Amino acid sequence: MNDNNTTIARLKEEVHAMCLRKGWGVDGVQNPQHVAMAMTVEMSELLEHFQWLEPEDVRRLMDGGDPERCAMIAEEFADVMIYGLQLARSLGIDVTGQILRKIGIVDRRPPKPGVPKR
Ligand SMILES: [Mg+2]
């Protein structure tokens, strides 16, 4: 399974199956308030891998020059996404629909003055 052959619906079910196996929540559904809070903790763990990096360190990451750090970032990214998928499943959020809707909103916003295009 990878991004090219897996649907978001399938990932939601994989995460739910893990929650059932682990005995988390009621019938594998955890309180979405708790899930949202846990998601921020995982986001902090992800950010920790970027703490105090210089721009050249980030460039090195992007160029594949620090695979160990990238692997740790990927693991924390997965933690964030797992909670995000749990949240989406428990609240009936259609991830694709909401992302496309939000892209439409962002596309209609005028560019902010002074924000660099990087
Ligand atoms: Mg973590």
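Derivation of every value follows stated rules applied to the coordinates shown; laboratory data play no part. What you see is a predicted model, and the numbers here were worked out from it, not measured in a lab. Reconstructed Cβ throughout: ideal geometry from the backbone, glycine too, with neighbour counts over all protein chains shown.
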Check: Relative to the longest principal Cα axis of the chain, at what angle does helix 8-22 sit, 0 to 90 degrees, rounded to 10?
Finding: 60
Next item on the list: Determine which lysines satisfy two conditions relative to Lys112: a Cα distance under 28 Å, and not lying fewer than 8 residues away in the same chain.
Entry: Lys102
Item checked: Between 0 and 90°, nearest 10: helix 95-108 axis offset from the chain longest Cα axis -> 30
Margin query: I need the semi-axes of the equivalent ellipsoid of segment 8-106: take the C-alpha gyration tensor, multiply each eigenvalue by 5, square-root it, list largest first in whole angstrom.
Written below: 28, 18, 12
Next item on the list: Taking the Cβ of each residue in Trp24, Trp52 as the centre, tally the other Cβ atoms inside 10 Å and list the residues starting with the fewest.
Entry: Trp52, Trp24
Next item on the list: Can you put Lys22, Lys112 in order of Cβ neighbours within 10 angstrom, beginning with the fewest?
Entry: Lys112, Lys22
Check: Summing -39500 (n - 2.57) over the DSSP H runs of n ≥ 4 in the chain and dividing by its residue number, what mean residue ellipticity at 222 nm do you reach, to the nearest 500 deg cm²/dmol?
Finding: -22000 deg cm²/dmol
Note to self: Can you find, among Leu61, Gly97, Ile73, the residue sitting farthest towards the positive end of the charge dipole of segment 8-106, where Lys and Arg contribute +1 and Asp and Glu -1 at Cβ?
What the structure shows: Gly97
